[in-house]
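Read the figures in this text as sums done on the coordinates, not as results from a lab. These numbers come from a predicted model, not from an experiment. Quick reminder, even Gly has a Cβ in these numbers, built from the backbone with ideal geometry, and neighbours come from all protein chains shown.
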Amino acid sequence: MAEIKNYTMNFGPQHPAAHGVLRLILEMDGEVITHADPHVGLLHRATEKLAESKPFNQSIGYMDRLDYVSMMCNEHAYVRAIEKLLDIEAPIRAQYIRTMFDEITRIRNHLMWIGTHGLDLGAMALFLYAFREREMCMDMYEAVSGARMHATYYRPGGVYRDLPEKMPKHKESQWTKGDDLKQVNEWREGSLLDFIEAFANDFPDKIAEYRTLLEENRIWKQRTVGVGVVSPEQAKAWGFTGPMLRGSGVAWDLRKKQTYAAYDKVDFDVPVGVNGDCYDRYLVRMEEMSQSTRIIKQCVKWLRDNPGPVVADNYKVVPPKRATMKDDMESLIMHFKLFTEGYSVPAGEVYSAVEAPKGEFGVYMISDDSNKPFRVKLRAPGFAHLSAMNDMVKGHMLSDVVAVIGTMDIVFGEIDR
Amino acid sequence: MSNYKRQLSKDLAAHFGDVDLTIKETRQGIVCTVPVESWLEVAKALRDERDFDFDQCIDVCGVDYLSYGEAEWPTEDVTYTGFSRGIRGKGPGRFSWSERRKEAVANRFAVVVQLLSLNKNHRLTLKCFAPDEGMLVVPSLIDIWPGVNWFEREAFDLYGIIFQGHPDLRRILTDYGFIGHPFRKDFPLIGNVEVKYDEDKQRVVYQPVSIEPRVLVPKTIRRDSRYVDNTADQENS
């Protein structure tokens with residue numbers, strides 16, 4: 001009989017379970033992985049280099065396109081880096097709006113994750129349910145910024161505009177009419193805050209639905225329990241952050257430990273796993289969605305009671321109001337300079353990090369006194385997670401590779417940048 | 001979280017008395033510049049000593065300091081030249097491959113590391129300038145924090161910094177067979193080659209880029225009263 005040797009298998013870059021453009025070179029011994037070598041960079045767009053040739057504000061839109069399922073969190077890290085260098089603070093209402101939208105983003109991201117992760121592991125129906133709720137979050141983005149995904153809503157010094165008083169409604173169409181139309185517009189009668197509150201009140205039931213589908217599901221447990229186990233020591237050494245670190249039992253959350261925006265003023269818990277396997281990370285992320293709902297409710301309440309400015313009153317950075325430009329020459333000049341040249345940021349270097357849904361998203365920025373950043377380095381959580389791929393899948397079966405890719409929650413926009 | 005910086009920079013200075021450290025403490029954080037000879041020794045101590053306890057290396061990145069602080073638009077004085085002076089420069093993104101700068105600058109490349117201590121909740125930025133003697137060589141931190149593997153590969157790929165002791169220093173983000181280090185300041189923003197499908201040859205071919213450099217906003221440095229607080233100087237005089 002011929003001797004069976006190790007063989008090499010190519011996985012991706014065009015593969016539905018590769019979550020984008022991951023190419024894996026797998027060294028196999030039968031069906032067991034002996035070595036995995038991820039090839040990344042197929043989506044490399046040199047965002048950091050592009051940012052070096054643009055005024056600071058023009059790169060905010062690029063941040064959306066990094067981790068393109070958790071857009072506003074990326075923006076948050078970027079504008080916070082600029083704010084730190086300029087030494088300005090966003091008004092308190094803007095801080096609450098940012099907190100609320102960071103959590104909406106977290107829910108969006110986790111819905112995307114649970115949908116695709118489930119789909120990869122054979123839970124078809126979940127994908128459809130998760131995307132139904134994700135659509136609501138897209139509508140919130142759209143109401144506030146006009147874009148469903150790439151919002152460019154955060155600005156240094158605050159947010160672009162205040163929350164709208166009216167929530168856009170669905171129009172009658174061939175497919176949505178009569179009672180259907182009434183149903184889809186049920187939450188949209190009032191303001192955006194009313195819509196968000198209705199969503200937040202309803203969402204815990206939806207999480208319970210997802211859990212019914214998965215939590216005690218025999219197939220789900222067989223595919224995730226004991227797969228991709230990471231000890232806390234390993235997780236720290238590999239530079240894991242976010243749910244990947246918390247799934248291994250390390251209670252570390254930047255929202256609590258190095259608090260920013262209004263996270264010190266809201267009440268929430270940080271879920272932590274025990275075994276560090278895919279199932280625990282699933283539990284952590286599911287609980288994070290419930291906690292996000294809690295935060296959103298508190299923010300909605302605060303935002304209702306406390307109207308105020310949403311952007312700093314600082315013409316160096318923030319364009320003046322259109323009305324003042326009509327009869328104030330200085331405002332007109334300032335507006336012109338801001339949109340042609342931008343603003344100069346004092347020389348210095350700063351590292352600002354936020355707890356993005358996937359982990360610590362950091363921006364390291366060097367400024368040389370000019371109107372463009374001298375160097376921007378974006379620290380993507382997925383990059384560190386994926387670099388541990390080989391160690392996590394070694395000795396596992398081929399099908400477990402898919403489970404590990406899913407549990408890492410990788411998105412190539414941020415890994416390849 | 002907020003008041004640890006003074007103490008940490010004191011501890012750093014005391015602990016590494018025999019190393020030529022430059023410690024810069026600002027409101028934004030502590031940046032500690034380490035000579036390349038002591039890079040590994042300092043990193044190891046920062047991880048193992050109980051005073052520091054930096055158990056996570058969050059990020060490693062390269063920096064190219066060529067053209068630092070060079071503006072394209074004079075602002076000190078009025079000028080008699082027209083608006084087009086803003087688009088004639090050869091600053092970042094405004095030159096092509098044949099127009100790139102070729103001068104040698106001392107201390108041009110740096111490696112910057114972000115450290116995080118989970119127990120103490122401290123952050124620290126470590127910086128090390130790569131000596132440029134034909135080849136940029138910096139010792140690899142991979143034996144101290146295994147997680148730096150890909151980050152160092154990225155810095156090698158984008159800046160050409162060689163990490164001595166790294167087991168697998170391949171390119172990571174650029175194309176297979178890519179030439180050059182694209183994030184260097186003398187690498188054009190438009191790149192060097194482009195890819196297209198050749199109908200005659202029936203395969204993908206590389207050819208020189210067909211686009212022109214086009215950056216619309218000049219790089220400007222302003223140190224006038226809008227940005228610099230002169231009140232402190234006036235009080236002193």
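Taking label points 7 Å from Cα along the Cα-to-Cβ direction, A:ASN314 and A:TRP175 give a separation of 4.6 nm. All alpha carbon pair distances within segment A:1-154 were sorted into 10 Å bins beginning at 0; the resulting P(r) in whole percents reads 10, 27, 29, 20, 10, 3, 1, 0.
Length available on full extension from A:ALA208 to A:MET124: 0.36 nm per residue minus the Cα-Cα distance, which gives 28.5 nm.
Taking 0.36 nm per residue of separation and subtracting the Cα-Cα distance, full extension of the segment from A:VAL270 to A:TYR68 would add 70.3 nm. Label positions at A:ALA147 and B:LYS102, each projected 7 Å from the Cα along the C-beta direction, are separated by 4.1 nm.
Take each residue of peptide A:360-367, count the partner chain Cβ atoms within 10 Å of its Cβ, and average: the result is 3. The slack in the chain from A:GLU233 to A:MET28, taken as 0.36 nm per residue of separation less the alpha-carbon distance, amounts to 71.1 nm.
Computed over chain A, relative contact order equals 26 percent, with contacts defined as Cα pairs under 8 Å that lie 6+ residues apart. Helix A:329-340 and the longest principal axis of the C-alpha atoms of chain A enclose an angle of approximately 20°.
In this simple spin-label model, placing a label point 7 Å from the Cα along the Cα-to-Cβ direction at both B:ASP11 and A:ARG45 gives a separation of 4.1 nm. Net charge dipole, the protein assembly as shown: roughly 1160 debye, given to the nearest 20, about the Cα centre with Cβ charges of +1 for Lys and Arg and -1 for Asp and Glu.
Averaging 1/r across all pairs of distinct Cα atoms in chain A and inverting the result yields a Kirkwood radius of 22.7 Å.
Averaged over the residues of peptide A:374-385, the number of Cβ atoms from other protein chains lying within 10 Å of each residue's Cβ is 5.
Could you tell me the calculated FRET efficiency between A:ILE92 and B:GLU199, based on Cβ-Cβ distance and R0 = 60 angstrom, to the nearest 0.05? E(calc), rounded to 0.05, equals 0.50.
What number do you get for segment A:1-44 when its Cα radius of gyration is normalised by 2.2 N^0.38 Å, N = residues?
1.36
When each of the peptides A:180-192, B:171-183 is scored by how many other beta carbons lie within 10 Å of its residues on average, the order from highest to lowest is B:171-183, A:180-192.
So what is the calculated 222 nm ellipticity per residue for the protein assembly as shown, using -39500 (n - 2.57) for each DSSP H run with n of 4 or more, over all residues, to the nearest 500 deg cm²/dmol?
Working: 22 runs with 241 residues, N = 654.
Per the formula, -11000 deg cm²/dmol.
Roughly how many whole Å is it from the C-alpha centroid of segment A:32-110 to that of segment A:180-216? Between the Cα centre of segment A:32-110 and that of segment A:180-216, the gap is 27 Å. Angle between the Cα long axis of helix A:124-145 and the longest principal axis of chain A, 0 to 90 degrees, nearest 10? Rounded to the nearest ten degrees, it is 20. Peptide B:170-177 shows a mean partner chain C-beta count of 4 within 10 Å per residue C-beta. For A:ASN185 and A:ASP327, a Förster radius of 41 Å and the Cβ-Cβ distance give a FRET efficiency of 0.50, rounded to the nearest 0.05.
Rounded, prolate or oblate for chain B? Axes are the square roots of the Cα gyration tensor eigenvalues, ordered a ≥ b ≥ c, and the cut-off for rounded is a/c under 1.5. Note, shape of chain B comes out oblate. For a Förster distance of 25 Å, can you work out the FRET efficiency between the beta-carbons of B:VAL19 and B:GLU70, rounded to the nearest 0.05? In this case the efficiency is close to 0.20.
Rounded, prolate or oblate: which fits segment A:282-382, taking a ≥ b ≥ c as square roots of the Cα gyration tensor eigenvalues, rounded meaning a/c under 1.5, else prolate when a/b beats b/c? Oblate, because a/c is 1.5 or more while a/b does not exceed b/c.
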